[in-house]
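Chemist: One structure is given below, represented as structure tokens, and several questions about it will come after.
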Amino acid sequence: MKITLDPGHGQFGNPGALPGYYEGTRVFLLAQALKEELEKYRDTEVVITRKTIGDNPSLASRGGEAAKNGSTLFISLHSNAASNPAAHGVSVFRSVKLPESEELGRLLGGAVVNTMKKYTEITYLRGVMTRTDDFGGEILDYYGVIRSSVKGGNVKYSYIIEHGFHTNLTECGCMFDDHTLKELAKAESDVIAAYFGLKRKDEPDEPVGYVEYTVQPGDTLSSIARRYGTTWRVLAEFNGLDDPDLIIDGQIIKIPVKDVIYVGDTVKLKDDKTTYFPGGNPFPGWVKDYYYVVSKTSDSKGRPVYRNGDRCVLLGNKINKRSGAHGTPINSWASVAYIEKVK
Ligand SMILES: [Zn+2]
């Protein structure tokens with residue numbers, strides 16, 4: 001997914017209660033840290049509206065960038081200001097056009113509050129709010145960044161997050177701390193990853209099944225592991241072996257099998273494949289008109305399913321290639337060698 005982060009203002013925009021604090025500098029650094037956290041996830045691309053710390057694009061072009069670059073999520077990062085130095089707390093503004101974004105707004109606000117409160121003890125969630133204005137008879141978002149981000153309808157989640165008040169000495173101190181800034185980035189990234197079900201890049205692919213190996217005289221767990229391009233630790237853990245040195249001839253060792261196909265993946269049949277099951281019948285012409293959702297990679301006991309010696313997955317829902325509409329499941333096993341993932 002694509003995400004646009006918008007650190008508010010310019011480099012020296014909005015001094016805070018502490019000398020040397022500038023909102024525009026701190027939120028720029030927060031955006032960098034948040035981008036770094038988010039890009040630890042697969043298929044996640046983060047664009048920052050200010051390319052350098054000195055940039056200060058117009059409000060319309062900040063939101064407009066998200067609207068045009070295909071982002072799903074837009075977050076404008078800020079710290080708040082008030083003439084009363086006692087004012088404090090976290091505010092989240094969402095687009096009035098996107099009522100379904102309320103929940104993620106609440107989760108993000110909660111994550112910011114929980115992080116800041118550890119240090120300030122006073123930070124709380126002032127609310128997830130909308131603010132509107134009348135634009136020649138049309139009620140639109142008051143804030144220019146939000147208003148411009150939701151034009152065109154690509155962006156489904158658009159927020160301004162006010163990370164406490166920089167006019168409040170305690171909350172300003174929190175945002176002025178590099179360690180806290182990193183913690184905020186991590187907390188916000190965790191919420192986004194969980195909400196959208198993102199998978200981390202550094203997590204190994206989960207095995208979708210295993211093959212069985214019968215221990216031969218002279219085998220060690222290490223020698224078996226080498227043969228299958230894995231390590232004895234992986235095999236010991238996968239097989240629940242308390243003592244990896246103790247394997248006996250004839251014992252069955254399960255070798256986890258990695259594959260690029262996961263349950264829930266959308267797949268299509270490869271163009272050069274003309275038979276439905278491995279070694280099976282030619283498939284009818286209509287089969288190629290659809291994508292399919294992988295609904296199962298193994299049987300009820302967790303074993304990989306083989307058909308004629310090929311590892312197979314169960315194809316579930318049909319997805320219309322043009323409209324994206326889901327149809328009735330076909331529930332047919334197909335060789336993993338016969339299908340490929342659809343982005
Ligand atoms: Zn601001």
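Chemist: Counting every Cα pair in segment 1-56, what percent are over 16 Å apart?
Modeler: Within segment 1-56, distances greater than 16 Å cover 42 percent of Cα pairs.
Chemist: Counting only Cα atoms, I'd like the Rg/Rh figure for segment 209-257, Kirkwood definition for Rh.
Modeler: Using Cα coordinates only, the ratio equals 0.90.
Chemist: For the pairs LYS151/LYS296; LYS40/LYS118; LYS40/LYS254; LYS35/LYS68, note any where the Cα-Cα span goes beyond 29 Å.
Modeler: LYS151/LYS296; LYS40/LYS254
Chemist: I want to check the label-to-label distance for MET1 and GLU45. Put each point 7 Å from Cα in the C-beta direction and report it in nm to one decimal.
Modeler: 1.6 nm
Chemist: Among GLY136, ASN80, ASN239, whose Cα sits farthest toward the positive end of the charge dipole of the chain (+1 at Cβ of Lys/Arg, -1 at Cβ of Asp/Glu, about the Cα centre)?
Modeler: The residue sitting farthest along the positive end of the dipole is GLY136.
Chemist: Where does helix 23-38 land angle-wise versus the long Cα axis of the chain, in degrees 0 to 90, nearest 10?
Modeler: It is inclined by approximately 10 degrees.
Chemist: Could you name the aspartates and glutamates in cross-link range of LYS288, using Cα to Cα under 19 Å and dropping any fewer than eight places away on the same chain?
Modeler: Cα-Cα hits under 19 Å: ASP265, ASP271, ASP272, GLU340.
Chemist: Using Cα atoms only, what is the angle between the long axis of helix 102-120 and the major principal axis of the chain, expressed in degrees (0 to 90) to the nearest 10?
Modeler: 70 degrees
Chemist: Okay, moving on. Pairing the Cα long axis of helix 59-68 with the longest principal axis of the chain, what angle in degrees results, from 0 to 90 and rounded to the nearest 10?
Modeler: Result, in degrees: 20.
Chemist: Sorted by packing (mean other beta-carbon atoms within 10 Å per residue), highest first, where do 6-14, 155-163, 319-327, 51-59 land?
Modeler: Working: 6-14: 20.1, 155-163: 25.2, 319-327: 11.3, 51-59: 13.2.
Peptide ranking by packing, descending: 155-163, 6-14, 51-59, 319-327.
Chemist: Per DSSP H run of at least 4 residues, take -39500 (n - 2.57); add these up for the chain, divide by its residues and hand me the 222 nm value, nearest 500 deg cm²/dmol. Spell out each step's value before the answer.
Modeler: Working: 8 runs with 91 residues, N = 343.
Here the helix-only value at 222 nm equals -8000 deg cm²/dmol.
Chemist: If you consider only alpha-carbon coordinates, what radius of gyration and Dmax does segment 2-196 have, in Å?
Modeler: According to the Cα coordinates of segment 2-196, Rg and Dmax are 15.4, 46 Å.
Chemist: Another question, then. If each residue of separation counts as 0.36 nm, what is the full-extension length gain between THR328 and PHE12 once their alpha-carbon separation is subtracted?
Modeler: Here the segment from THR328 to PHE12 would lengthen by 108.0 nm.
Chemist: Residue by residue through segment 229-240, which ³J(HN,Hα) values in whole Hz follow from phi under the Karplus form 6.51 cos²θ - 1.76 cosθ + 1.60 (θ = phi - 60°), with glycine and proline marked x?
Modeler: Calculated HN-Hα couplings, in order: x, 10, 10, 5, 5, 4, 5, 4, 6, 4, 9, x Hz.
Chemist: From zero up to wherever the largest Cα-Cα distance of the chain sits, split into 10 Å bins and tell me the percent of pairs in each.
Modeler: Pairs per bin, as whole percents: 5, 20, 22, 17, 16, 13, 5, 1, 0.
Chemist: Moving on. Between LYS156 and ASP177, how many nm apart are label points set 7 Å from Cα along the C-beta direction?
Modeler: That separation, rounded to one decimal, is 3.6 nm.
Chemist: To make sure I understand, if each residue's beta carbon is the centre and we count other beta carbons within 10 Å, what order do THR44, THR72, THR49 fall in, fewest to most? Please list the in-between numbers first.
Modeler: Values: THR44 21, THR72 15, THR49 24.
Ranking THR44, THR72, THR49 by Cβ neighbours within 10 Å, fewest first, gives THR72, THR44, THR49.
Since every read-out is calculated from the coordinates, none of them should be taken as a lab result. Keep in mind that this is a model prediction, so the values were computed, not measured. Backbone-built Cβ (ideal geometry, glycine too); neighbour counts: all protein chains shown.
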